[in-house]
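The values are calculated or read from the model by the stated rules, or taken from the named source; none is laboratory data. Keep in mind it's a predicted model, so treat the numbers as computed, not measured. Here the Cβ positions follow ideal geometry from the backbone for every residue, glycine too, while neighbour counts run over all protein chains shown.
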Amino acid sequence: MFPIDFLWRASLRWPNRTAIDTPTGQISYQELASKVKALAAGLMALDPSLQSRVAICSGNNADHIVALLAILASGKVWVPLNPKSTRPEIRRIIDITEPSLIVYDEACADLLVDAPATFIRTGKDEDEPSIKTIGGLIQQNNGASALPFDLPLDAIQAIKFTGGTTGAPKGVMQPYRAWMANITNQIHAWGFDENERYIVAAPITHGTSTYIVPILAQGGCHVILDGSGAEVVRTAFKERGGTACFMPPTLLYMLMALPNASRKDYPNLRRLIYGGAPMPPEKVRAVREFFGPVLCTTYGQTEAPQILTIMQPEDFEDPNNWASVGRTTWFNDVAIMGPDGTLLPTDEIGEVVARGDLLMTGYWRMPEKTSETIKNGWLHTGDRGLIDERGYLYLKDRLKDLVITGGFNVYPVDVENALSQHPAVHECLVFGVPDDKWGECVQAAVQIRPGQQADEATLISFVRELLGPVQTPKRIHFYETLPHSNVGKLLKSAVLQNILNSSKNS
């Protein structure tokens, strides 16, 4: 069985139920299955190779979901491209994975200029028959049957990119078995059923992708938003019957801060799942007071997607659990490992490691990096934590130099490399600072070259042009001389502590 088989079975069981609810109409399970089969046939006609890569660069829309499912249905490999990224970053991923086909929407066209692939645009453009479109391929292959394919469970279903401390992106190879483990655990953890109406708020290119198949497997419905922003999300819950959603804490706080915000705006809400960033206990209290006993969370990484551990609403009933990320899910083991490779007993702090079906098979064409990360079957997460006597995992800090801002991972070295390209920058440090809105916000400390000048706005604009808004520092602190150790290493911890102390005293 493969992930796409969940859709085929659901379309037989609930042919007339709504699978996707868009602002312009509804798509039934029978119609969705037909579209996916036709588009899968179209993809295979353009490139008949199994396991060839197909990239998608698109916002959240029905065609995005159809295209993703068609990739699953054709035995190909999905490569998500973040529409909020920059052209150089997207081109770097394209050059690494060499997709033969790229699905895109018009808003993303400028990010893909001169990319070496066959392009397929979302929608249908009858006025330009030379342009391949989702609608056109579906029409050409209308009535196609499901394509049989035979691949091992360790074959690749997706290559999703995560940053790296070397500045180069790492393509995480997620196998079929990892997707199957994720789907099963999502259904078991949250109790999704045919009455589910999942609000598609976070990007499909990121965490939302892990909810697409579980909702469809149970006969639920994906609700596509009519725009973006917190007000649009609230309207979807209030007027379109939203029951569940995955989102970063940032969006949760925005919903609570809307004018006249009330729990009455969420009449059918059952599961409000946050992830991608930690939530301080005081925020947990505020969110539960506002939304009620519906808060959930998961812990995972791109290398072990989404759901190594879970915190269900009943787990949040005990305030002692609020700093936890929950207990281990099915088909996986999570443990704490010491520096010498031994597994530590309960309540001792060490590195969080994991093994089991949810794990990646490795990094795309990076065997050395793979062997550094997976040792003797254990994935080394780079996070430090402990597991208590009840099996709850508590994260303490990160071994990896990583900032999680608004649910997105930012690797400081990538931002430091960008800042260093400015001719006025002599040295720089980038770090995360606790922030009520973003969880952490990216900030930088900079030492200007003698005889050069650059203000905060100039450097922020410079980084934004190179890396996009997510990785751009929100504050830049200027130093006459950045501190160094006696061996010449920049002392990031000293700079960060100085900034935190200054913030407390201001």
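Observations on the model:
- Filter result for residue 451 (modelled with pLDDT of 90 or more and touching a Ser or Thr at 6+ places or on another chain (Cβ under 7 Å)): no
- Lone unmet requirement of (1) within 18 Å of residue 400 (Cα to Cα); (2) touching an Asp or Glu at 6+ places or on another chain (Cβ under 8 Å); (3) of a type outside the set (Lys, Arg); (4) part of a strand (DSSP E or B) for residue 471: (4)
- Candidates 390, 398 - the one that is surrounded by 14 or more Cβ atoms within 10 Å (Cβ to Cβ) and either farther than 30 Å from residue 86 by Cβ or not acidic (Asp, Glu) (or both): 398
Okay, residues lined up against (1) touching a helix residue (DSSP H, G or I) at 6+ places or on another chain (Cβ under 6 Å); (2) closer than 26 Å to residue 32 by Cβ; (3) aliphatic (A, V, I, L, M):
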residue: 159; (1), (2), (3): yes, yes, yes
residue: 207; (1), (2), (3): no, yes, no
residue: 214; (1), (2), (3): yes, yes, no
residue: 244; (1), (2), (3): no, yes, yes
residue: 249; (1), (2), (3): no, no, no
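- Filtered residue count, segment 116-135, keeping only those that are under 13 Å from residue 54 (Cβ atoms) and part of a loop (DSSP other than H, G, I, E, B): 2
- The set of residues from segment 12-31 being part of a helix (DSSP H, G or I) and touching a helix residue (DSSP H, G or I) at 6+ places or on another chain (Cβ under 7 Å) comprises 29, 30.
- In segment 1-11, the residues that are in contact (Cβ under 8 Å) with a residue 12 or more places away in the chain and assigned to a helix (DSSP H, G or I): 6, 7, 8, 9, 10, 11
- When restricted to residues that are among the acidic types (Asp, Glu) and either in a strand (DSSP E or B) or touching a Lys or Arg at 6+ places or on another chain (Cβ under 8 Å) (or both), segment 365-423 contains 2.
- Out of 67, 117, 107, 62, sole residue that is surrounded by fewer than 20 Cβ atoms within 10 Å (Cβ to Cβ) and within 19 Å of residue 202 (Cβ to Cβ): 107
- Some residue of segment 208-228 being free of Cβ contacts under 8 Å to residues at least 12 places away in the same chain and either assigned to a helix (DSSP H, G or I) or at positive phi (or both): yes
- Of the residues making up segment 278-334, those that are over 18 Å from residue 390 (Cβ atoms), part of a loop (DSSP other than H, G, I, E, B) and either of a type outside the set (A, V, I, L, M, F, W, C) or in contact (Cβ under 8 Å) with a residue 60 or more places away in the chain (or both) are 278, 279, 280, 292, 293, 302, 303, 331.
- Selection of segment 424-455 for residues being under 21 Å from residue 86 (Cβ atoms) and not in a strand (DSSP E or B) yields 438, 454.
Conditions tested, residue by residue: (1) touching a residue at least 60 places away in the same chain (Cβ under 8 Å); (2) closer than 23 Å to residue 111 by Cβ.
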residue	(1), (2)
371	no, no
382	no, no
406	yes, yes
424	no, no
428	no, no
454	no, no
472	no, yes
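- Hits in segment 61-96 (condition: assigned to a helix (DSSP H, G or I), within 19 Å of the chain's Cα centre (by Cα) and closer than 18 Å to residue 151 by Cβ): 68, 69, 71, 72
- The residues in segment 29-53 that are surrounded by fewer than 17 Cβ atoms within 10 Å (Cβ to Cβ), polar (S, T, N, Q) and either under 27 Å from the mean Cα position of the chain (by Cα) or closer than 16 Å to residue 241 by Cα (or both) can be counted, and the count is 1.
- Put simply, of 24, 86, 18, 97 the only residue that is touching a Cys at 6+ places or on another chain (Cβ under 6 Å) and either surrounded by fewer than 20 Cβ atoms within 10 Å (Cβ to Cβ) or polar (S, T, N, Q) (or both) is 18.
- Members of segment 287-307 found to be surrounded by fewer than 21 Cβ atoms within 10 Å (Cβ to Cβ) and among the aromatic types (Phe, Trp, Tyr), listed by number: 290, 291
- Enumeration of residues in segment 344-359 that are surrounded by 15 or more Cβ atoms within 10 Å (Cβ to Cβ) and either of a type in the set (D, E, K, R) or assigned to a strand (DSSP E or B) (or both): 350, 351, 352, 353, 354, 355, 356, 357
- Looking at 12, 39, 101, just one residue is over 14 Å from residue 146 (Cα atoms) and of a type in the set (A, V, I, L, M, F, W, C), and that residue is 101.
- Inter-residue pairs, beta-carbon under 6 Å, first more than 21 Å from residue 3 (Cβ to Cβ) and in segment 357-368, second of a type in the set (S, T, N, Q), 6+ apart: 363/370
- Meets criteria (free of Cβ contacts under 8 Å to residues at least 40 places away in the same chain and basic (Lys, Arg)) for residue 489: yes
- Selection within segment 5-36 - hydroxyl-bearing (Ser, Thr, Tyr) and over 23 Å from residue 71 (Cβ atoms): 24
- Out of 18, 24, one residue alone is polar (S, T, N, Q) and in contact with a strand residue (DSSP E or B) (Cβ under 8 Å, 6 or more places away or on another chain). It is 18.
- Sole exception among (1) among the small types (Gly, Ala, Ser); (2) within 19 Å of residue 25 (Cα to Cα); (3) under 22 Å from the mean Cα position of the chain (by Cα) for residue 241, by number: (3)
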